[in-house]
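First comes the structure, then the notes that go with it.
The values are calculated or read from the model by the stated rules, or taken from the named source; none is laboratory data. As the structure is a prediction and not an experimental result, all values here were calculated from the model. Don't worry about glycine lacking a Cβ; one is built from the backbone with ideal geometry, like all the others, and counts go over all protein chains shown. These area figures cover heavy atoms from the full protein model, side chains too; ligands, DNA and RNA do not enter into them. Shrake-Rupley method; radii C 1.70, N 1.55, O 1.52, S 1.80 Å.
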Amino acid sequence: MVSAKPERIPTTYDPRRVEQRWYQTWLSRGYFHAPVDPERRPFVIMMPLPNITGDLHIGHALNNTLQDVLIRWRRMQGWNSMWMPGTDHASIGTHVVIERELAKEGKTRFDLGREKFLEFTWQWKEKYGGIIYSQLKRMGFSCDWDRVTFTLDPGYAHAVTEAFLRLHARGHIYYGQRMINWCPHDLTSVSDLEVEYQEVASTLYHVRYPGADGSDGIVIATQRPETILADVAVAVHPEDGRYRNLVGRQVVVPIVQRVVPIIADPRVDPQFGTGAVKITPGHDPLDNQIGATHGLPAPVVLDEHGRMTKEAGMFAGLDRFAARQAVAAELRNRGLVVREEPYTTAVAVCERCKTVLEPYITDQWFVRMADLAAPAIRAVREGRVRFHPERWTKVYLDWMEGIRDWNISRRLWWGHQIPAWHCGDCGEVVVARQRPDRCPRCAGAALTQEEQILDTWFSSALWPFATLGWPQDTPELRYFYPGSVLVTDRGIIFLWVARMIMFGLEFLGEVPFTDVYIHPTVLTLEGRRMSKSMGTGIDPMEMMDQRGYGADALRFALVVRCSQQQQDLRFSEKMLEDVRNFNNKIWNIARFVRLNLEDFVPQAAPPQEALGLIDRWILSRFARTAAEVTGHLESFEFDKAAKAIYDFLWSTYADWYVELAKVDLSGQGGPGRRRQVQWTLWRVLEGAMRLLHPIMPHITEEVWQLVPHEGESIMLAPWPQPQAQWLDAPAERAVERLIRVIRAIRSLRADMGVAPGTTVAPLLRVADGGRRAELEAFAPYIRLLARASGLTFPSPEATPPARAAAAAVDGVEVLLPLGEAEAARIRGRLARELERVEQDLYRVEARLNSTGFLSRAAEEVVEGERRRHEELRRRRETLARYLTSLAEG
């Protein structure tokens, strides 16, 4: 047992003085590293990879705090806890950043060429790519930094290549020409899951396509007149009576004078525009499907830069948006625009650069998903992977059951280059680990490697096992796979979570984790997305250091609001101020306890029956709190765990036990009571710090070191086990009655307007003899905490004072005698307050009885009014009772 530190304890707590010092101590002692140890049970979390382009934001702070809570908790429970950290190369995101840097010099990546561009990017990565690691450390995260991995590390890159080769060999990967989302700015395909939609003001053009036979033809509606140049048909719904007689006829596409058929297809929306739409298979996904069904060609008039091609004739070279206006003008000149109307539409934009995307037909690599998805669906249905909250199970299953093939190739340079070679002689595509000497089809030697790289999410899907040495059969892989828990945001359930499950089952035959906790998304207090550019962001680093709240305050503020009942977590700086007060409360009670342990020598626990009632009460409450916190963490109810320990420390321990203990510490409690109270103060504070440690690691280590303890760090101290022998329901009932009596006296003091420094002499009338004896034994506590100069226990038969404020609690009548003049003064004040309360109650009742208010007001506003109604009703009853008890005798 290490005794309490004798040095002087600062009067105020400064997290900046404490936090970085302790983190460096933990780091230097190797506490975060988890070696392979078959004698211990592993607990594994794989960190959702932050991008090398990023720095710590409030979403990272929440996500990683929750992981650290679980890791520290399980470590204290004796598990071999391993938290794998790392960063993702983030192909598109890194390209955006690097090309922005190059643009400052008036250059593009094409000016540098692939080799020089990659050299420049690696230099940038070495300089800036690890910034987020230092920020994660500043928040106290106990990652296994000895294992940190980057997704372009050689070993990881080997795993990515091996995964591609195996999937291709098993028929899951294929190469072909398909329509994909194309970003004309980044010059790459973009996954469906990485597309954002923005509402924009547009124009709906009603354009006449003349009949090939000289008739009026048909009027179509389109938002994209520039793609008219690639039209190959006009389509109507087969049940649309307006056009039934036109199906099978031919019309002339304006400007290009191409003769095309009018076709019928059930996928046409007869409510859109005129009900007749142009079919452009080369520039629209639905048109591409309709064109394939009807055997139509797919000409293309836009290139990869979003410019009109030579096939666009007079419009060749124009940007797509300039061409839109030019084609519309030409149609007007030819008298073919029947009508133009404002139209609001949602356009697809690139998640990274916000450029409007183009549907584009190109050669790409795809993964066939149906066969991979089936086992991953079963794993969740059978409960081998559990989502928390459970509602996300349906979201996962719905997407998986309708899954489409995955476009995994990107026309970028930064990333894992696809291990395939194109034969320049016969066009064969050869997938191989290394460049073949000859084409296996024609024996030609003109082989060039596929220039495209793999989608970042392909490589990150291997994260749970590629980090452990796969495809080699390593001790780490055998010991740490499968993992335990994944903590992430709802935004990447499809992009990452589902794909990790699929790849884990495909390559290792086991799910990569058993539990997936989906945490809320952090928003501002007003419900807006956090954004530095919008001025709505909260910078975690600034909050911790420049404004002095520290990491623990930020961690607790996030955890205590992380409810499974909400999809969003609303956050503001005010919440950090509240937690700073909690920090100060912890520090003040720690100082009080430490100062009262000067002559204390740690010893074995006294016999339960030898302890006082207040000691047995606080030990019982602590045992219940320990069980409650453990249960909430087991259920991923982080907010409830945080609230339980907060309420115990602030209210139960600090506000009541510490105050009650002052009587015994001062010698008023009788022989031996000081030693008993010292032991209880110490035991409960030390245990409470262990309970709080996973959420607030730094202040709990500092306090734990100030009092007697076993071991060198709270990080390695055992998690508090619920002590059944400490549970004491009679002691809890007795002390909680005492607390209610003290509160009743305090309420009477406040309601009667007694000044805080003035003592009172309450009377406690108790009919039950046993309860009366119990309260008489508690008299020293009541006198101290209720500021009572005298305390009497008249018999139930005794005549009560003529004028006294009265309250009843648990069979105890609390009386506060008053003089005639004082009673008259208080009666007047209470009567005026009662009048105000009744007026407020009348107004609230009127609102709650108004059907207009109930139908128009927000649900939370109505609920607030109901709560206020109940508070006013209770206050009216209390005031009426006071006035009755103070009536002139």
Exercise. Can you tell me which residues in segment 587-621 are open to solvent by 30 Å² or more (accessible area, probe 1.4 Å), aliphatic (A, V, I, L, M) and closer than 15 Å to residue 682 by Cβ?
Worked result: 595, 601, 604, 605
Exercise. Yes or no: residue 840 surrounded by 13 or more Cβ atoms within 10 Å (Cβ to Cβ) and on the phi > 0 side of the Ramachandran plot?
Worked result: no
Exercise. Can you tell me which of 402, 427, 444 is over 25 Å from residue 506 (Cβ atoms), free of Cβ contacts under 8 Å to residues at least 12 places away in the same chain and open to solvent by less than 60 Å² (accessible area, probe 1.4 Å)?
Worked result: 427
For this session: Identify all residues within segment 414-459 that are part of a loop (DSSP other than H, G, I, E, B) and hydrophobic (A, V, I, L, M, F, W, C); write none if there are none.
Result: 414, 418, 426, 432, 439, 442, 443, 445, 446
Seminar exercise, completed: Going through (1) hydroxyl-bearing (Ser, Thr, Tyr); (2) open to solvent by 10 Å² or more (accessible area, probe 1.4 Å); (3) over 30 Å from residue 187 (Cβ atoms) one by one, residue 65 fails only at (2)
Problem set entry | Criterion (at negative phi and either buried (at least 20 other Cβ atoms within 10 Å of the Cβ) or part of a strand (DSSP E or B) (or both)) met by exactly one of 193, 204 | 204
For this session: Give just the number: which of (1) in contact with a Lys or Arg (Cβ under 6 Å, 6 or more places away or on another chain); (2) farther than 24 Å from residue 74 by Cβ; (3) of a type outside the set (Val, Ile, Thr) does residue 515 not satisfy?
Result: (2)
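Of all residues in segment 542-564, how many are touching a residue at least 60 places away in the same chain (Cβ under 8 Å) and either within 18 Å of residue 637 (Cβ to Cβ) or assigned to a strand (DSSP E or B) (or both)? Write out each step before concluding.
As a first pass, look at segment 542-564 and keep what is touching a residue at least 60 places away in the same chain (Cβ under 8 Å): 544-545, 548-556, 558-564.
If we keep only those that are either within 18 Å of residue 637 (Cβ to Cβ) or assigned to a strand (DSSP E or B) (or both) too, we end up with 555-556, 558-564.
Total meeting the criteria: 9.
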Exercise. Quick one: residue 277 ticks every box in (1) part of a helix (DSSP H, G or I); (2) closer than 24 Å to residue 220 by Cα bar one, so which box is it?
Worked result: (1)
Problem set entry | Within segment 776-825, considering residues that are modelled with pLDDT of 85 or more and open to solvent by 50 Å² or more (accessible area, probe 1.4 Å), the one nearest to residue 764 (Cα to Cα) | 792
Problem set entry | Selected residue (criterion: farthest from the chain's Cα centre (by Cα)) from residues of segment 699-725 that are over 15 Å from residue 76 (Cα atoms) and crowded, with 22+ Cβ neighbours inside 10 Å | 707
Exercise. Does residue 674 satisfy the criteria of being in a helix (DSSP H, G or I) and surrounded by fewer than 20 Cβ atoms within 10 Å (Cβ to Cβ)?
Worked result: yes
Seminar exercise, completed: Selection over segment 19-57 where residues are under 25 Å from the mean Cα position of the chain (by Cα), open to solvent by 40 Å² or more (accessible area, probe 1.4 Å) and among the β-branched types (Val, Ile, Thr) yields a count of 1
For this session: Among what's in segment 83-137 and is open to solvent by 20 Å² or more (accessible area, probe 1.4 Å), of a type in the set (D, E, K, R) and within 35 Å of the chain's Cα centre (by Cα), pick the residue that is nearest to residue 57 (Cα to Cα).
Result: 137
Exercise. Quick one: which of 511, 516, 497, 487 is modelled with pLDDT of 95 or more and either in a helix (DSSP H, G or I) or touching a His at 6+ places or on another chain (Cβ under 6 Å) (or both)?
Worked result: 497
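Quick grid of which residues meet (1) modelled with pLDDT of 90 or more; (2) assigned to a loop (DSSP other than H, G, I, E, B); (3) exposed (fewer than 13 other Cβ atoms within 10 Å of the Cβ):
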site: 735; (1), (2), (3): yes, no, no
site: 738; (1), (2), (3): yes, no, no
site: 743; (1), (2), (3): yes, no, no
site: 754; (1), (2), (3): no, yes, no
site: 771; (1), (2), (3): no, no, no
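Condition first: charged (D, E, K, R), under 23 Å from residue 324 (Cα atoms) and without any contact (Cβ under 8 Å) to a residue 40 or more places away in the chain. Can you find one or more residues in segment 232-249 that meet it? It would help to see each step written out before you state the result.
Going through segment 232-249, the residues charged (D, E, K, R) turn out to be 239-240, 242, 244, 249.
Next cut, under 23 Å from residue 324 (Cα atoms) only: none.
No.
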Problem set entry | Pair list, Cβ < 6 Å and 6+ apart or interchain, from segment 251-271 residues that are touching a residue at least 24 places away in the same chain (Cβ under 8 Å) to residues that are charged (D, E, K, R) and crowded, with 19+ Cβ neighbours inside 10 Å | 253/231
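For segment 143-190, how many residues are part of a loop (DSSP other than H, G, I, E, B) and either open to solvent by 40 Å² or more (accessible area, probe 1.4 Å) or under 30 Å from residue 45 (Cβ atoms) (or both)?
Going through segment 143-190 one residue at a time, the tally reaches 9.
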For this session: Within segment 104-124, track down each residue that is under 17 Å from residue 416 (Cβ atoms), touching a residue at least 40 places away in the same chain (Cβ under 8 Å) and of a type outside the set (Ser, Thr, Tyr).
Result: 114, 117, 118
Seminar exercise, completed: Scanning segment 294-317 residue by residue, those open to solvent by 60 Å² or more (accessible area, probe 1.4 Å) and assigned to a loop (DSSP other than H, G, I, E, B) turn out to be 295, 297, 304, 305
Exercise. Which of the residues spanning segment 628-674 are closer than 21 Å to residue 721 by Cα and aliphatic (A, V, I, L, M)?
Worked result: 629, 633, 641, 642, 644, 645, 649
